[in-house]
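One structure is given here, and the rest of the page talks about it.
The values are calculated or read from the model by the stated rules, or taken from the named source; none is laboratory data. All values derive from a computational prediction rather than experimental measurement. Note that each Cβ is placed from the backbone with ideal geometry, even for glycine, and that neighbours are counted across all protein chains shown.
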Amino acid sequence: MSLPDWDARIRLFESAFLFQEAAWLRFLEESQGVTVRGLRLRHSADAVAGYFCAAETRKGPFRLLGAPLQGWTTTFMGPIVNTLHADSFLTLLEQYCGAHRVHYIELCNPILPAAAMQARGYECDPDVTFRVAIDNEDVMWQRLESKSCRHAIRRARSHGLRVEPTDDPAVVDEYYSQLQEVFQRQGLVPTYDHDRVRTLWNYLHPASRLLALQVWHHDEVIASGLFPFDDRGLYFWGGASRIRAYSLYPNELLQWHAMLFALERGIPHYYMGGGGTFKKKFGGVPVPVERWFKAFSPLARAGRIIFKQAFRTKQRLLGAFARFAAHPPRRPTVFM
């Protein structure tokens with residue numbers, strides 16, 4: 001992508017997200033080693049209907065086009081338009097894939113209509129995100145679950161916990177250390193490495209697109225969270241805390257302060273992502289997230305399954321190694 005005024009161009013269209021802005025795309029290029037493609041969609045030779053934003057990469061013998069791919073810690077990409085003419089868009093997209101020998105494509109964007117995607121042979125990998133309305137502090141507070149959330153926030157405050165935003169890049173190291181501790185407890189390792197967090201900071205923070213929060217207890221940081229944002233939404237990218245501090249309820253307090261930040265900035269929604277019961281407590285509603293994929297050969301489809309299984313196996317093995325390294329077996333005592 002070489003358009004110097006890319007961000008100004010895409011802001012003219014309703015389906016533009018943070019994840020299609022230049023800062024995020026540069027983050028993707030460095031963290032994933034991909035080649036970003038920003039392509040014009042035209043009504044005619046002199047009329048631009050929008051843009052298509054994706055990234056190309058290779059896995060083994062396969063060329064992949066992701067808008068985005070799973071594992072890129074990126075929510076939405078794909079078409080940037082005011083009105084999507086789905087059939088014409090998908091025809092152009094598959095022509096591009098054929099011309100560039102793309103073996104597999106994956107897209108995720110709420111503007112994509114399910115009927116049109118299915119008619120073109122795309123399969124859906126369904127997910128969900130909890131979307132919290134950011135409207136009024138009193139109303140938001142009442143939407144929190146009483147016992148498990150409001151009580152936890154009150155308890156956190158009674159323990160003297162305080163939440164502070166930070167511009168200190170040291171938050172990256174602190175956050176990742178906490179994340180490793182959380183995963184190690186489950187016998188796993190984080191799904192991304194320290195460099196990805198550093199790269200996120202390096203590109204999103206200078207662009208004023210990243211909120212970093214820390215929860216302090218006396219003179220110690222016991223929890224951290226990273227929240228990218230744009231004018232349309234605040235997004236929960238990652239959060240972690242010290243296991244020994246769970247009883248102080250830092251995570252509930254962290255999330256509440258993220259919501260208050262969005263309210264102060266006039267951001268209408270907080271997208272927490274899916275998974276687990278923790279996120280249900282904050283008054284959000286589960287919203288379907290449809291990830292569409294299509295393999296252009298049976299071998300590429302099989303490769304998708306193999307790569308996903310290999311990733312899970314690698315994470316378990318690395319987790320077992322990390323657990324062994326942290327707690328090696330004691331050598332038996334030999335009496336002479």
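The condition (being farther than 27 Å from T191 by Cα and either polar (S, T, N, Q) or modelled with pLDDT under 95 (or both)) is satisfied by just one residue among F62, F52, F76, F17: F52. Can you find a residue in the range 120-127 that is outside any loop (DSSP other than H, G, I, E, B), within 20 Å of G225 (Cβ to Cβ) and either over 22 Å from the mean Cα position of the chain (by Cα) or among the acidic types (D, E) (or both)? No - not one qualifying residue is present in the range 120-127.
Yes or no, residue by residue, for (1) among the hydrophobic types (A, V, I, L, M, F, W, C); (2) in contact with a strand residue (DSSP E or B) (Cβ under 6 Å, 6 or more places away or on another chain):
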site: F19; (1), (2): yes, no
site: F52; (1), (2): yes, yes
site: P68; (1), (2): no, no
site: T73; (1), (2): no, no
site: I80; (1), (2): yes, yes
site: L90; (1), (2): yes, no
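Within the range 189-225, work out how many residues are out of contact with any Phe, Trp or Tyr (no Cβ under 6 Å at 6 or more places or on another chain), outside any strand (DSSP E or B) and of a type outside the set (F, W, Y). Count: 14. Taken together, G50, G38 contain a single residue that is at positive phi and touching a Leu at 6+ places or on another chain (Cβ under 7 Å), which is G50. Scanning the range 59-73 turns up no residue that is assigned to a helix (DSSP H, G or I), in contact with a helix residue (DSSP H, G or I) (Cβ under 7 Å, 6 or more places away or on another chain) and within 26 Å of S208 (Cβ to Cβ). The residues of the range 81-91 that are surrounded by 15 or more Cβ atoms within 10 Å (Cβ to Cβ) and closer than 16 Å to L65 by Cβ, listed by number, are F89, L90.
Residues that are surrounded by fewer than 18 Cβ atoms within 10 Å (Cβ to Cβ), farther than 22 Å from Q32 by Cα and not aliphatic (A, V, I, L, M): does the range 173-180 have at least one? The answer is no; no qualifying residue exists.
Yes/no matrix, rows are residues, columns are (1) of a type in the set (K, R); (2) farther than 30 Å from I10 by Cβ; (3) out of contact with any helix residue (DSSP H, G or I) (no Cβ under 6 Å at 6 or more places or on another chain); (4) assigned by TED's automatic domain parsing to the domain that holds T75:
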| site | (1), (2), (3), (4) |
| --- | --- |
| L210 | no, no, no, no |
| A240 | no, yes, no, no |
| Y249 | no, yes, no, no |
| L254 | no, yes, yes, no |
| R265 | yes, no, yes, no |
| G273 | no, no, yes, no |
